[in-house]
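Asker: Just passing along the structure, written as structure tokens.
Nothing in this text is a laboratory measurement; each read-out follows from the coordinates by a stated rule. Keep in mind that what you see is a predicted model, and the values were worked out from it rather than measured. Virtual Cβ from ideal backbone geometry, glycine too; neighbours counted across all protein chains shown.
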Amino acid sequence: MERNRIKIIWKWTKRVFPVLAGASAGYAYYYYIGCSGSCPISGNPYISTIYGASAGFLLIDWKQIFNKNKKQEAEE
């Protein structure tokens, strides 16, 4: 039972961590590099954070996740 819980937590951590890291990187980009004014991405902290989270979302290893899901469905 405990082992299953750890597997579930680890599975979601691998999916959520890249998004949170990307959001943090997007906000850091706004804070340290961003301009004030007419820059569309780096001029607004919300937009730069969303762009960073989107980049982190793209870094998730989707191929591995889908292969695991297919493997689990075949076992059931």
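Asker: FRET efficiency for Tyr32 and Trp62, Cβ-Cβ distance as r, R0 = 25 Å, nearest 0.05? Let's see the in-between values first.
Answerer: Working: r = 30 Å, r/R0 = 1.20.
After rounding, the FRET efficiency stands at 0.25.
Asker: I want the local charge near Ala21. Using Cβ-Cβ distances under 13 Å, sum +1 for each Lys or Arg and -1 for each Asp or Glu among the other residues.
Answerer: Values: positive: Lys14, Arg15; negative: none.
Around Ala21, the charge tally is +2.
Asker: Modelling each spin label as a point 7 Å along the Cα-to-Cβ direction, I'd like the Val16/Ile50 distance in nm, to one decimal.
Answerer: 2.2 nm
Asker: Count charges around Leu59 for me, please; just the other residues with Cβ under 15 Å from its Cβ, Lys/Arg as +1, Asp/Glu as -1. Please list the in-between numbers first.
Answerer: Values: positive: Lys14, Arg15, Lys63; negative: Asp61.
Counting the neighbours of Leu59, the net charge comes to +2.
Asker: Where the eigenvalues come from the Cα gyration tensor of the chain, what are the semi-axes √(5λ) of the equivalent ellipsoid, largest first, in whole Å? Mind dumping the intermediate values first?
Answerer: Numbers: eigenvalues 254, 34, 9 Å².
They are 36, 13, 7 Å, listed from largest to smallest.
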